[in-house]
Amino acid sequence: MSLRRLLAVIVKELRQLRRDRLTFAMIVGIPVMQLILFGYAINLDVRGLDAAVVDQAGTAHSREIIDAIGASQVLDLRYRVATPQAAEALLRAGRISAALVVPADLEVRLARGDRPALQLVVDGADQVVQAAARQLARFPVAGGAGWTRRVDPVEVVNYYNPERRAPINTVPGLIGVILTMTLVMFTAIALVRERENGNLELLIATPLSRWELTLGKVVPFIAIGLVQVTLVLLLGDVLFAVPIRGSTAALYAAALVFIVANLALGIFLSTLARSQFQAMQLAVFTFLPQILLSGFMFPFAGMPRAARWVAELLPLTHFLRLIRGIMLRGAGLTELWPSLAALGVFTLLMLGLTVSRLRKRLD
């Protein structure tokens, strides 16, 4: 073995790496991004859950109790509604995670101490929300001097998942994760593979426009995405008995929009990469923040405000709201339209950027 020849190969690799700016950026970017996400944005101690208040008692004492619960910072009591039905509508639409109900006979319950004084209705489909709500089960309600230890001051009611089964929350989220991981990867290498195999020369010789070439690369993968959605839904039903409480048509419509958004992102990444390896690197780079910030692995409410702003730019965040709202809460697309509109805007933006970057040339 010649040390001189070995050193020559090492220098050659370092120079090649220096010229490959994308790979060099990944070497630095991925560890920095993971450090920031795990060390700063990920927080398992949930605070500030969006919540509504139904104060049927309407007394000074009830307002004092509500203010005390709000001061605990577990709930962000941003909505005041008149009836439990209005709070349930907000819960189904995904605008809140919990609803605090103060009954009209609050003073009687406090005096007797044999029944819960308050009721906290939570979105039980999210186990993190369940755990945060249970922190308030033994909240010291002022005025309950005659309380017995057999009854908790606050009764926690789990909507949509009373059995507290983990697959109820996990399986719908996995649909989005699987579609993101596979479809972005497939389309990210689409144009790059054509260039490496020499097929791009044949496409250049055709009268295809940039829009036709872009859409032609995207459309075939839509069927693949729909097949994956169907497969996960069937396995979720057979293996874990995960329900579909909403409209199946609405579910597939939301999935279709999300599939197109992922394909648009992937085809945009393919215009940035010069090799299939770079395309896969870019796909992984976009996949990590989505799975960490979307609310699939870690509670969305526990993230700092800046991290939530970034999460609002990611398609998986909005799809999780759509799929969980339709499958678990029985919500319709009209109730979940903000997330649907966000996916539509993201898709148009990615397709527009792709067409602007796409050139029917080899250089």
Item to check | FRET efficiency, 1/(1 + (r/R0)^6) with R0 51 Å, evaluated for residue 137 and residue 337 via beta carbons | outcome: 0.90
Checklist entry - Once the Cβ-Cβ distance between residue 32 and residue 196 is put in as r, and R0 is 41 Å, what FRET efficiency do you end up with, to the nearest 0.05? => result 0.90
Checklist entry - Taking +1 at the Cβ of each Lys and Arg and -1 at the Cβ of each Asp and Glu, which of 266, 247, 281 sits farthest along the dipole of the stretch 222-335 towards its positive end, judged by Cα position relative to the Cα centre? => result 281
Checklist entry - Distance from the Cα centre of the stretch 286-342 to that of the stretch 76-146, in angstrom? => result 24
Checklist entry - Roughly how many nanometres apart are two label points built 7 Å out from the Cα toward the Cβ at residue 222 and residue 83? => result 4.1
Item to check | Highest to lowest packing among 179-192, 278-291, 229-242, scored as the average C-beta count within 10 Å | outcome: 179-192, 278-291, 229-242
Checklist entry - Taking a probe of 1.4 Å, how large is the accessible area per residue of the chain, in Å²? => result 50
Item to check | Unit charges at the beta carbon, dipole of the chain: most positive-side option, 31, 215, 293 | outcome: 31
Checklist entry - Which FRET efficiency, nearest 0.05, do residue 5 and residue 284 yield, Cβ-Cβ r, R0 35 Å? => result 0.55
Checklist entry - Per the helix-only calculation at 222 nm, which mean residue ellipticity applies to the chain, given -39500 (n - 2.57) for every DSSP H run of n ≥ 4 and division by its residues, nearest 500 deg cm²/dmol? => result -19500 deg cm²/dmol
Next on the checklist: Please compute the alpha carbon radius of gyration of the chain, then divide it by the globular-protein estimate 2.2 N^0.38 Å. Two decimals is fine.
Outcome noted: 1.24
Checklist entry - Quick one: which of 172-178, 67-73 comes out on top by average Cβ neighbours within 10 Å, and what's the full order, highest first? => result 172-178, 67-73
Checklist entry - residue 95 label point, 7 Å along Cα→Cβ, cut-off 19 Å on backbone N: hits in the stretch 282-309? => result 301
Next on the checklist: To the nearest 20 Debye, how big is the dipole of the chain about its Cα centre, given +1 on the beta carbon of each Lys and Arg and -1 on that of each Asp and Glu?
Outcome noted: 1360
Next on the checklist: Just to be sure I understand the model, the point goes 7 Å from the Cα along the line to the Cβ. What's the resulting residue 165 to residue 60 distance in nm?
Outcome noted: 5.0
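The values are calculated or read from the model by the stated rules, or taken from the named source; none is laboratory data. Being a predicted model, the structure only gives us computed values, none of them experimental. Counting neighbours? That spans all protein chains shown, and the Cβs are built from the backbone with ideal geometry, glycine included. Areas reflect the complete protein model, heavy atoms only, side chains present, ligands, DNA and RNA absent. Shrake-Rupley method; radii C 1.70, N 1.55, O 1.52, S 1.80 Å.
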